[in-house]
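Notes follow the structure.
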2 protein chains.
Amino acid sequence: MNYAHIKYTRNVKDMSPRLILDSKKMLYDKVHVMSQSDNETTFAIGELAREFDITPRSIRFYEEQGLLSPTRTGQNRVYLNKDRVRLKLILRGKRLGFSLAEVKTLFDMYDSNPNSAVQLEAMLEMSEQKRAVLNQQLEDIQMLMTELDDVETRCREELAELKRGKIA
Amino acid sequence: MNYAHIKYTRNVKDMSPRLILDSKKMLYDKVHVMSQSDNETTFAIGELAREFDITPRSIRFYEEQGLLSPTRTGQNRVYLNKDRVRLKLILRGKRLGFSLAEVKTLFDMYDSNPNSAVQLEAMLEMSEQKRAVLNQQLEDIQMLMTELDDVETRCREELAELKRGKIA
DNA sequence: TTACAGGTTTACGTTAACGTTAATTACATT
DNA sequence: AATGTAATTAACGTTAACGTAAACCTGTAA
C-alpha cells in the first residue's frame with residue numbers, strides 16, 4: 001500500500017462516481033440504459049477498469065486473490081453483472097480500510113453453505129465487529145469534519161484580514 | 001500495511017477507548033485526575049504506547065517521519081500533552097485511511113506561517129478535498145451498515161429455523 | 001498484410017508502515 | 001552486586017497491493 005486514497009482523490013477531482021456512471025450510461029453505453037440489472041450484458045476487463053478508474057492489473061490481482069472468478073471466451077476474461085457488483089463491493093471495502101483478505105473472508109462466508117449454524121454464528125460475530133469499526137470511523141469522521149469547519153472559518157477570516165490590508 | 005484495522009479490532013474487543021482512558025485515570029494515573037489538559041504532565045514512550053495500543057516502535061517511526069518531535073531527558077524521549085494530542089490525531093487519520101505523509105502535510109500546513117495567503121488557500125483546497133473523501137466514506141459506511149442489517153436479520157431467521165428443528 | 005488496440009501470462013520491482021533482532025545504557029529493586 | 005524493567009540506535013526483514021516490463025496472441029480496420 002497505500003495508493004488507495006490517491007486513486008480515490010483522482011476520482012473526486014474529476015467527478016462524483018454516480019455522475020460518472022450516469023453520463024457513461026447516457027452517452028456511450030446505450031445497452032445499459034434499458035435495464036439496470038441486466039443479467040445478459042458482459043464486460044471486458046478494460047471496460048470495468050475504466051468505469052471504476054483502476055487498472056486491469058488490479059482486477060486480475062483481485063481474481064488471483066480469489067475475489068473474482070470471471071468466465072472466459074478463449075483466453076479473454078468475461079465479466080458478468082454479478083462480477084461487476086463484486087468489484088464494486090471490493091472497492092467500497094477498500095475505501096473503508098478493509099484488506100483484500102478481509103473482503104475475501106466476508107465473500108467466502110456469504111457464499112459458503114449458509115445452512116451451517118457455525119457459519120451463521122461466525123457471520124454474526126464478524127458482522128458485529130465490523131459494525132463497531134464502522135461506528136468508530138463515523139465518530140472519527142464527525143470530529144474531523146468539525147475540525148475542518150474550524151480551520152476553514154479561521155482561514156477565511158485571516159484571508160479577509162489580508163485583503164483589507166491590515167497586514168500586507 | 002495493513003495492520004491498522006487489526007490493531008483496532010483488538011482495541012474494540014477489549015473496551016472502548018474512553019473507558020480505557022477513564023479507568024486508567026481513576027486507578028493508576030492519579031496525577032491526571034486533577035486537570036484534563038494538564039500542560040505540565042509528561043509521558044514516557046511506553047505510557048503512550050499502552051494508552052493507544054501501539055508499539056513504541058511505531059511512535060519512534062512517526063517521529064522519524066517528522067510527525068512528532070518530543071523533547072529529551074538525557075537520551076530518553078519525553079512527550080508533552082501536545083505531543084499526545086498529535087499522536088491521537090495521527091491515529092485518527094490512519095483509521096480513516098490517510099497515509100502518514102498526508103497527515104504530515106496537514107500538520108505542516110497547520111504549523112507553518114499562517115500569514116501567507118498562499119498557505120491559506122492551499123489549506124482551504126486540501127480541506128475541501130478531504131471533505132469530499134469523508135463524505136464518500138460516510139456514504140460507503142451507510143450502505144455497508146444497511147447491508148449488515150440485512151445479513152443479520154437473514155442470519156437470525158435461519159438460526160431460528162434451525163433451532164425449531166425444521167432442518168436438523 | 002500490416003498495424004494496432006486490446007487482451008494474455010510470467011516474473012521481478014516498489015512503497016508504506018512498521019516488525020524484529022542485536023547490542024547498549026540506565027535507573028530501581030532485591 | 002545482581003537482576004529486572006524500560007529505554008536507546010542501527011539495520012535488515014516483511015507484507016499488502018499493486019506497478020512495470022517483456023514476450024506473446026488475436027480480431028479488425030486501413
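Brief remarks on what is shown
- Pairs where the first residue, in the stretch A:71-82, is more than 8 Å from DNA strand C (Cβ to nearest atom) and the second is open to solvent by less than 60 Å² (accessible area, probe 1.4 Å) and part of a strand (DSSP E or B), C-beta under 6 Å, 6+ apart: A:Thr71/A:Val78; A:Tyr79/A:Phe43
- Any hit, the stretch A:89-98, residues being more than 14 Å from chain B (Cβ to nearest Cβ) and within 11 Å of DNA strand D (Cβ to nearest atom): no
- Pick from the stretch A:56-70, criterion near DNA strand C (Cβ under 10 Å from one of its atoms) and open to solvent by 30 Å² or more (accessible area, probe 1.4 Å), ranking: nearest to the other protein chains (Cβ to nearest Cβ): A:Phe61
The values are calculated or read from the model by the stated rules, or taken from the named source; none is laboratory data. Since the structure is predicted, the reported quantities are computational estimates derived from the model, not experimental observations. Don't worry about glycine lacking a Cβ; one is built from the backbone with ideal geometry, like all the others, and counts go over all protein chains shown. The accessibility values were calculated without ligands, DNA or RNA, using every heavy atom of the protein model including side chains. Shrake-Rupley method; radii C 1.70, N 1.55, O 1.52, S 1.80 Å.
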